[in-house]
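Below is one structure, written out as structure tokens; the observations come after it.
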Amino acid sequence: MDLRMLKTFQVAARTLSFTQAAAALNYAQSSVTAQIETLEESLGVPLFDRLGNRLRLTGPGDRLRGYADRLLTLAEEARAARAAVRRRRATPRLRRRQAPGSLPGGVLPEMGCALACLAVQSIE
């Protein structure tokens, strides 16, 4: 089972049509059918009831839909996080040397917030 198969399953489960899933994913219908059959064989359960040209999710198919949605969302979040890390690495940063005895960056704003909170409390 791979993410491509799960995506194919997710679209087929939403459309309840291998033909519409193939069109949405820009695959041949035979590719969608083969991926779903491979997924069913690997799981050992039917995911769809095939009623002529109509599809209906089985109980295991309905459960897998929830897992597929979560897994594909997590995969997209992981891709976005990876891209963000790459962007940060690609952006040149100026590094300032810290003078001996000086405060590290970010300490003064934090101290300012703490002092502002103390000032507000003393007024109340």
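The values are calculated or read from the model by the stated rules, or taken from the named source; none is laboratory data. Owing to the predicted nature of the structure, the values given are computational and were not obtained by experimental measurement. Heads up, the Cβs are rebuilt from the backbone with ideal geometry, glycines too, and the neighbour counts pull from every protein chain shown.
Of all the residues in the range 2-53, those that are on the phi > 0 side of the Ramachandran plot and at pLDDT below 95 number 1. Looking at the range 1-48, the helices (runs of 4 or more DSSP H) lying wholly inside it that each contain 3 or more residues that are under 19 Å from P60 (Cβ atoms) and of a type outside the set (D, E, K, R) sit at 3-15, 29-43. Quick one: D69 ticks every box in (1) surrounded by fewer than 12 Cβ atoms within 10 Å (Cβ to Cβ); (2) modelled with pLDDT of 95 or more; (3) out of contact with any Lys or Arg (no Cβ under 9 Å at 6 or more places or on another chain) bar one, so which box is it? Failing condition for D69: (1).
Determine whether the range 56-64 contains at least one residue that is over 25 Å from the mean Cα position of the chain (by Cα), part of a strand (DSSP E or B) and not aromatic (F, W, Y). Yes, the range 56-64 contains at least one residue that is over 25 Å from the mean Cα position of the chain (by Cα), part of a strand (DSSP E or B) and not aromatic (F, W, Y). In the range 31-56, of all residues being in contact (Cβ under 8 Å) with a residue 12 or more places away in the chain and touching a strand residue (DSSP E or B) at 6+ places or on another chain (Cβ under 6 Å), the one that is surrounded by the most Cβ atoms within 10 Å (Cβ to Cβ) corresponds to L55.
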